[in-house]
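A short reminder: the numbers here are calculations on the coordinates, not readings from a lab. These numbers were taken from a predicted model, which means no experiment stands behind them. Neighbour counts are summed over all protein chains in view; Cβ atoms, including those assigned to glycine, are modelled from backbone coordinates with ideal geometry.
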């Protein structure tokens, strides 16, 4: 069983892997490490091939890449990525976002404690 098989929350991120945004994407990846909850990260590669994804992301079993054959836009890319989510809980993050430490586990705990079907964070 991989870590991805035990994930409690999925994060969907659409990206075109633009050179100026890849450093932010890698910062988002680093911020996912401090969430206090096992995660699955579904990257919707919006019109870019899998080969352009940084190796550290291709090699992490928690990362699922969904290469789309042509650019369709962030909203549509997120929708395609939903097909790959294997968790009961899901959220989204843009490729230039940063998740404060523990923010996913805090949202998940709050949603579970209050029987919420949806919960947003900052």
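Using only DSSP helix segments of four residues or longer, with each worth -39500 (n - 2.57), what per-residue ellipticity at 222 nm results for the chain after dividing by its residue count and rounding to 500? Intermediate results must be reported in sequence, preceding the final value.
Numbers: 4 runs with 35 residues, N = 122.
That calculation yields -8000 deg cm²/dmol at 222 nm.
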Practice problem: Calculate, for residue 22 and residue 106, the FRET efficiency according to 1/(1 + (r/R0)^6) with r their C-beta to C-beta distance and R0 22 Å; round to the nearest 0.05. | Solution: 0.20
Self-check item: Calculated P(r) tail over 16 Å for the chain, as whole % of Cα pairs
Solution: 59 percent
Quiz item: Taking only Cα atoms, what is the 0 to 90° angle, nearest 10, from helix 103-113's long axis to the longest principal axis of the chain?
Solution: 40 degrees
Exercise. Give the angle, between 0 and 90 degrees and rounded to the nearest 10, that separates the Cα long axis of helix 22-32 from the longest principal axis of the Cα atoms of the chain.
Key: 20 degrees
Quiz prompt | Between segment 20-68 and segment 72-90, the Cα center-to-center distance that results, in Å | solution = 13 Å
Practice problem: Report P(r) for segment 1-56: all Cα-Cα distances, bin width 5 Å, range 0 to the bin holding the largest distance, values in whole percent. | Solution: 4, 16, 27, 25, 17, 9, 1, 0
Exercise. Describe numerically, in nm with one decimal, the distance between label points set 7 Å from Cα along Cα→Cβ at residue 70 and at residue 83.
Key: 1.6 nm
